[in-house]
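The values are calculated or read from the model by the stated rules, or taken from the named source; none is laboratory data. None of these values were measured; they are calculated from a predicted model. Glycine also receives a Cβ, built like all others from the backbone with ideal geometry; neighbour counts cover every protein chain displayed.
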């Protein structure tokens with residue numbers, strides 16, 4: 001089987017981390033080009049890869065040399081570069097969020113259909129073994145119905161004032177749009193159709209952000225369950241870091257992402273005020289150093305080889321962003337977001 005020829009376009013910090021994701025599929029993929037407007041960054045990435053790697057500042061120069069591209073670009077460039085690559089018959093794995101407007105997303109989806117090429121959005125958390133297991137347990141109702149899913153992400157992410165990610169226009173919004181899109185996507189994937197929602201965001205504590213650097217989202221789902229996401233780029237310290245809690249009728253399942261453990265918490269009896277709680281804990285899964293980005297890339301390659309629809313395709317990616325745009329709109333109007341009609345599998349294009 002011939003190896004799939006790939007290029008990495010955009011060689012900042014994320015691209016350097018992306019080079020490691022190729023290790024498990026080097027028998028199927030060869031990275032033949034590293035592209036960045038700053039040639040020294042492209043060269044730094046090329047130096048981490050096996051074989052002869054083309055280094056260039058312009059992705060258009062290598063379109064004839066590749067079958068697929070991994071686009072790790074500023075958000076406002078996702079749309080034009082993706083369209084150009086698809087028009088040249090290339091498969092595209094584009095970093096999240098998909099694009100900065102609904103119209104841009106629709107154009108990307110339609111272009112992939114017309115070109116009969118794979119367009120996948122890099123929502124790598126869907127491939128994390130603990131997240132996959134958590135979804136499985138919720139879907140199976142292993143501990144009864146899940147009535148509350150809480151997702152916490154706390155980190156310190158600071159940009160220079162002239163960096164593209166400091167601008168709401170080029171970033172596409174704030175922390176919720178840029179990073180929280182991962183967790184809105186997970187909530188929809190696990191909990192189904194949303195009905196109502198609220199968002200509160202602030203750049204207090206993250207003055208380098210034009211829009212919010214800290215975000216709180218609450219969503220009510222069609223079955224009456226609630227979802228909550230709290231994310232901040234202003235954490236000067238954190239205990240939770242990345243932690244997901246699924247409160248079910250019989251127990252709570254904790255995905256302690258940063259610790260690499262999926263833990264079941266249960267109580268033999270309701271807590272009585274003034275008495276100590278009697279919690280039982282059971283480790284359901286341990287995945288230190290989970291290779292979810294590698295699994296994501298392997299899925300992309302499989303979709304190219306087999307024609308399978310990507311799990312994180314353009315349609316489901318757009319639907320998650322539609323929820324965020326509705327939340328932003330309602331926040332600006334100091335209103336409740338009406339999310340009815342949105343959710344996985346409801347957008348028909």
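A few comments on the model shown:
- Flag if residue 199 is at pLDDT 95 or above, in a helix (DSSP H, G or I) and in the same structural domain as residue 266 (by TED's automatic domain parsing): no
- Members of region 182-215 found to be free of Cβ contacts under 8 Å to residues at least 60 places away in the same chain and within 25 Å of residue 312 (Cβ to Cβ), listed by number: 183, 187, 190, 191, 211, 212, 215
- Verdict on residue 227 being buried (at least 17 other Cβ atoms within 10 Å of the Cβ), in contact (Cβ under 8 Å) with a residue 12 or more places away in the chain, more than 27 Å from residue 166 (Cα to Cα) and touching a helix residue (DSSP H, G or I) at 6+ places or on another chain (Cβ under 6 Å): yes
- Of all residues in region 1-21 being surrounded by fewer than 19 Cβ atoms within 10 Å (Cβ to Cβ) and part of a loop (DSSP other than H, G, I, E, B), the one that is modelled with the highest pLDDT: 3
Residues are listed down the side, and each one gets a yes or a no for (1) touching a residue at least 40 places away in the same chain (Cβ under 8 Å); (2) surrounded by fewer than 18 Cβ atoms within 10 Å (Cβ to Cβ):
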site: 60; (1), (2): no, yes
site: 67; (1), (2): yes, no
site: 70; (1), (2): yes, no
site: 85; (1), (2): no, no
site: 89; (1), (2): no, yes
site: 125; (1), (2): yes, no
site: 162; (1), (2): no, yes
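- A count restricted to region 154-179 and to residues that are under 17 Å from residue 102 (Cα atoms), under 19 Å from the mean Cα position of the chain (by Cα) and in a helix (DSSP H, G or I) stands at 6.
- Any hit, region 132-153, residues being modelled with pLDDT of 95 or more, assigned to a loop (DSSP other than H, G, I, E, B) and under 19 Å from the mean Cα position of the chain (by Cα): no
- All of 238, 243 fail the test of being under 22 Å from residue 145 (Cα atoms), out of contact with any helix residue (DSSP H, G or I) (no Cβ under 6 Å at 6 or more places or on another chain) and either buried (at least 19 other Cβ atoms within 10 Å of the Cβ) or modelled with pLDDT of 95 or more (or both), apart from 243.
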